[in-house]
Every structure is written in C-alpha cells, then in structure tokens.
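Just below is one structure, and these are the notes that go with it.
The values are calculated or read from the model by the stated rules, or taken from the named source; none is laboratory data. Only a predicted model underlies this, so the values are computations on that prediction, with no experimental measurement involved. Glycine gets a Cβ as well: all are built from the backbone with ideal geometry, and neighbour counts include every protein chain shown.
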Amino acid sequence: MAPPGVPPGRSWVDAYRGMSADNIKGLVLALSSSFFIGASFIIKKKGLKKAGSSGVRAGAGGYSYLYEPLWWTGMITMIVGEIANFAAYAFAPAILVTPLGALSIIISAALAHIILRERLHIFGILGCILCVVGSITIVLHAPQEREIDSVKEVWDLATEPAFLCYATIVIAAAFIIIFHFIPQYGQTHVLAYLGVCSLIGSLSVMAVKALGIALKLTFSGMNQLIYPQTWAFTIMVAICVVTQMNYLNKALDTFNTAVVSPIYYVMFTSLTILASVIMFKDWDRQNPTQIVTEMCGFVTILSGTFLLHRTKDMVDGGTASLSMRLPKHADEDGPTPEGIPLKRQESLRSP
C-alpha cells in the first residue's frame, strides 16, 4: 500500500525523484547570487574604509569612495550577484529562490568575522546554522519548475482571476499606505515603508520571473521578443523595482538597518511565496507533507535571520550594543527606550 499523499502504485522513492535540471540550475544561480551579494558588502566596506582614511567619509557626506577601485569591485560583485538572482527565477520556482536570499547574510557575517575582524556572537553562529538547515529543507522539498513554452503562457497565468484579484488587492493596499499612512506614520512606523516595498516587491518578482523565462526561451531559439507580453512584463519590472527601491531607501534612511533588514526579509519573502503559489500554482504539484516541510524550512530561516541580526552587535557574555537599539540618527535626536524599535518614539522626531 502506498504511503498517504502518494498515488497508488508509487513509492516514496518515485515521489521524490530528485530535483529537475532546471531546479538545479536555479539553485546554483541562487547560491552564486548569495555568495556574490554577501561578499560585495564586505568588499565595499573595505573600499569605504580605505577611501575614508584619505578623504571625507561617506557617512559625513563625502564621495571619495567613487575614486576607490576596491569599492567599484564590490559594486561590480553586487551587480553580478543580482544578475545571477534574476537568472535563477527563470529556472526555478520563487519558493526555492527567494528564501535562499538569507544565505547572503551568512556569507556577509562569516566574511566580516574573517576579513574585517568583526566578532560573531555564539548566537549569531546558531542563527547561521538555522539559516543553512532551513535552506537545505526547502531545497530538498521545493516543487519542480512548471514547464512553459511561451511567454503567452505566463501572461495567461498572470491574467487568471485569482492572480488578478491578488494584484488588485496589493496595488490598492500600496496606494492606501502611500497616500494615507506614510504621510502620518512614515517617520514613526517602519511597517509603513516596508509594507509598500514588500507588496510591490512580490509583484516585481513575478514580473522578473516572467521576463527571465522570456529571455531564457529567446536564448534557446524561441524568440519571445516579438510578443507584446514580453515588453509589458519589462515595463512592469521597471515600475515595480523603482517603486520598491524608493521606499526601501526611505526605510533605511529613517530606521536602523538592524530593524529594517529582518522585517523586510520576512514580509517580502512571505508575500513573494504567496504570489508565486497563486500565479504559478506551485503547491498544486506537491502533497501536503512537502508543503508543510517547506513552511517549516522557511520558519527556520526566519528564526535564524532574526537571531543573526539581533545578535550581530553583541559580544560574548554581553548584551546588544546601543547602536542595535537606536533608530537611525538617534544619536542626534536623543536617547531611546530599550528594545528594538518597530516604531520611532515621537520624542525622537526632528522638529
């Protein structure tokens, strides 16, 4: 008798045949992206330090780093990583690619410990291990990539009632946040900016994946550039990415990175997975056991990410440093209460 969730006549071995060739390509690209992006932070920081030693620091408004080759090496490394991440979506489902972005945090933390001599707390190491375990869990149980032969198929998926409903809700929610909540709470509540980033970001990933599939098919000999749908997805990518980056920069400029990064990762990844499940029906090709295992892996990554960010400024036997608890520019505005601020205190606002 076949185990629950497996069709009659098939064994668990048949059900878990392993990853498809496309999934493996997507996995390799996603891992490469995490390595390049994680390494780029360290290279750019080394470049910033080197430039700051002979000129005005970037934090003080200087631009001497633009003349530093090491900084440009880091920038090029980041661009390579982003290109690899873009390509990964063309081969593997978003459920596999998006959560693996947390691995760039591990790469960055490990290299900072080795190269920059920044101490990594024991709980930070535990956070790295949790991220790795969660990533492996997702990789082993990720759905196979859907077979698509034309960008028209992706357009049909994007125009189905379920995804149109999701996209409408996302756009409406983003407009409400932008025009109602951000003017009132943008400077005090981190969720205002990050809500827009995450909502629009989930649509941008779907558009990026559609464009990536179109380019993959074009390079394989099936020209997709002749279809208007390809250019429609290109316009969507441009609009969504510009909007997403605009509000992410506002969040980073207003709040401490230690607050922004983990919350943004959770919201962006969760909504992207939801969008992918609705549009590409990733879970239709999986049994309940695989779905639950993927979610457990995702929660494990979230736990590791929060732990790593929460303890990155801690020393063994100590507590988080003051900079971990201060919102951005708090040293200029005055003291702040204990704990990570999900919103800035009114008393800290500039007059």
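Checked against (1) over 18 Å from residue 251 (Cβ atoms); (2) among the aliphatic types (A, V, I, L, M); (3) modelled with pLDDT under 90; (4) under 24 Å from the mean Cα position of the chain (by Cα), residue 114 passes all but condition (4). All conditions but one from (1) of a type outside the set (Lys, Arg); (2) crowded, with 16+ Cβ neighbours inside 10 Å; (3) over 19 Å from residue 175 (Cβ atoms) apply to residue 267; the one that does not is (3).
Every condition in (1) surrounded by 23 or more Cβ atoms within 10 Å (Cβ to Cβ); (2) farther than 30 Å from residue 284 by Cα; (3) aromatic (Phe, Trp, Tyr) holds for residue 91 except the one numbered (2).
Yes or no, residue by residue, for (1) assigned to a helix (DSSP H, G or I); (2) farther than 21 Å from residue 91 by Cα; (3) of a type in the set (S, T, N, Q); (4) in contact (Cβ under 8 Å) with a residue 60 or more places away in the chain:
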{"position": "117", "(1), (2), (3), (4)": "no, yes, no, no"}
{"position": "123", "(1), (2), (3), (4)": "yes, yes, no, yes"}
{"position": "135", "(1), (2), (3), (4)": "yes, no, yes, yes"}
{"position": "139", "(1), (2), (3), (4)": "yes, no, no, yes"}
{"position": "155", "(1), (2), (3), (4)": "yes, no, no, yes"}
{"position": "164", "(1), (2), (3), (4)": "yes, yes, no, no"}
{"position": "168", "(1), (2), (3), (4)": "yes, yes, yes, no"}
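Would you check if residue 244 is of a type in the set (S, T, N, Q), closer than 21 Å to residue 157 by Cβ, at pLDDT 90 or above and surrounded by 21 or more Cβ atoms within 10 Å (Cβ to Cβ)? So residue 244 does not fit the description; no. If I ask for residues that are under 17 Å from residue 274 (Cβ atoms), surrounded by 15 or more Cβ atoms within 10 Å (Cβ to Cβ) and either of a type in the set (A, V, I, L, M, F, W, C) or touching a Pro at 6+ places or on another chain (Cβ under 8 Å) (or both), which ones from segment 153-172 would you list? If the condition is that a residue be under 17 Å from residue 274 (Cβ atoms), surrounded by 15 or more Cβ atoms within 10 Å (Cβ to Cβ) and either of a type in the set (A, V, I, L, M, F, W, C) or touching a Pro at 6+ places or on another chain (Cβ under 8 Å) (or both), then 157, 158, 163, 167, 170 are the ones that fit.
Of all residues in segment 89-111, those satisfying the criterion of being more than 13 Å from the chain's Cα centre (by Cα) and within 23 Å of residue 279 (Cβ to Cβ) are 90, 91, 92, 93. Pairs are defined by a Cβ separation below 8 Å, a sequence spacing of at least 6 or placement on different chains, a first member in segment 214-235 that is free of Cβ contacts under 8 Å to residues at least 24 places away in the same chain, and a second member that is hydroxyl-bearing (Ser, Thr, Tyr) and surrounded by fewer than 18 Cβ atoms within 10 Å (Cβ to Cβ); the pairs so defined are 225/218. Candidates in segment 194-220 are the residues that are within 16 Å of residue 152 (Cα to Cα) and of a type in the set (Gly, Ala, Ser); of these, the one that is surrounded by the most Cβ atoms within 10 Å (Cβ to Cβ) is 210. Picking from 104, 40, 54, 33, which residue would you name as being free of Cβ contacts under 8 Å to residues at least 40 places away in the same chain and not aromatic (Phe, Trp, Tyr)? Going through 104, 40, 54, 33 in turn, the sole match is 54. Residue selection: residue 74 satisfies the criterion of being outside any loop (DSSP other than H, G, I, E, B) and not charged (D, E, K, R). Restricting segment 249-259 to residues that are hydrophobic (A, V, I, L, M, F, W, C) and over 17 Å from residue 103 (Cα atoms) leaves a set whose member that is surrounded by the most Cβ atoms within 10 Å (Cβ to Cβ) is 255.
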